[in-house]
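The values are calculated or read from the model by the stated rules, or taken from the named source; none is laboratory data. Just so you know, these numbers come straight off a predicted model, no measurement behind them. Every residue, glycine as well, gets a Cβ built from its backbone with ideal geometry; the counts of neighbours run over all protein chains shown. Please note that ligands, DNA and RNA were not included when accessible areas were found on the heavy atoms of the full protein model with its side chains. Shrake-Rupley method; radii C 1.70, N 1.55, O 1.52, S 1.80 Å.
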Amino acid sequence: MMKDLFDAAFAAMQKTHSPYSQFPVGAAIRTSDGRIYSGCNIEVISYPEGWCAETTALGHFVMGGGGTITDIAVVAEKKAKCTPCGGCRQRLAEFAGPDARLHLCDNNGIVETLTMKDIFPYGFEADVLGKGAA
């Protein structure tokens, strides 16, 4: 069932714009109703002003109407089991619940699955500010 999520992340990675780091990354998000949103990393010469694959996928997710995130897949061409950076962990935590599954991939498929609470147990929560997630 997760092959389509991996395939979306892998296809997104093929569209990367990473001329400076030469480190292609793709991510895909699945919602509870089955929609998939994907993204790749996009770099600009003014480091660190580019954005990560997870951020791009979240942008598509928001623009597509949002929903409940159940699964996230991340794949990097040059690193198996590439985890989201700290900033992306926070971004994902803002939109995905602690039980959302994070699938770490190599170039052939999913190799490890964690939950958001496993990888980001002490992230900031929106209720601290008296606001719910967007």
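A few remarks follow.
- Selected residue (only one of Asp106, Asp99 is open to solvent by less than 50 Å² (accessible area, probe 1.4 Å), modelled with pLDDT of 95 or more, among the acidic types (Asp, Glu) and within 16 Å of the chain's Cα centre (by Cα)): Asp106
- Any hit, region 28-50, residues being touching an Asp or Glu at 6+ places or on another chain (Cβ under 7 Å) and on the phi > 0 side of the Ramachandran plot: no
- Evaluated against (1) more than 9 Å from the chain's Cα centre (by Cα); (2) closer than 18 Å to Leu114 by Cβ, Thr31 falls short on exactly one condition, (2).
- Qualifying positions in region 52-70 - surrounded by fewer than 19 Cβ atoms within 10 Å (Cβ to Cβ), among the hydrophobic types (A, V, I, L, M, F, W, C) and in contact (Cβ under 8 Å) with a residue 40 or more places away in the chain: Val62
- Some residue of region 26-38 being at pLDDT 95 or above, polar (S, T, N, Q), under 16 Å from Leu104 (Cα atoms) and open to solvent by 30 Å² or more (accessible area, probe 1.4 Å): yes
- Flag if Gly97 is touching a residue at least 12 places away in the same chain (Cβ under 8 Å), touching a Lys or Arg at 6+ places or on another chain (Cβ under 7 Å) and over 23 Å from Pro24 (Cα atoms): no
- Residue in region 31-47 that is aliphatic (A, V, I, L, M), touching a helix residue (DSSP H, G or I) at 6+ places or on another chain (Cβ under 7 Å) and in contact (Cβ under 8 Å) with a residue 40 or more places away in the chain present: no
- Residue ranges of helices (runs of 4 or more DSSP H) in region 29-134 with at least 1 members farther than 22 Å from Asp7 by Cβ, out of contact with any Phe, Trp or Tyr (no Cβ under 9 Å at 6 or more places or on another chain) and of a type in the set (D, E, K, R): 86-95, 116-119
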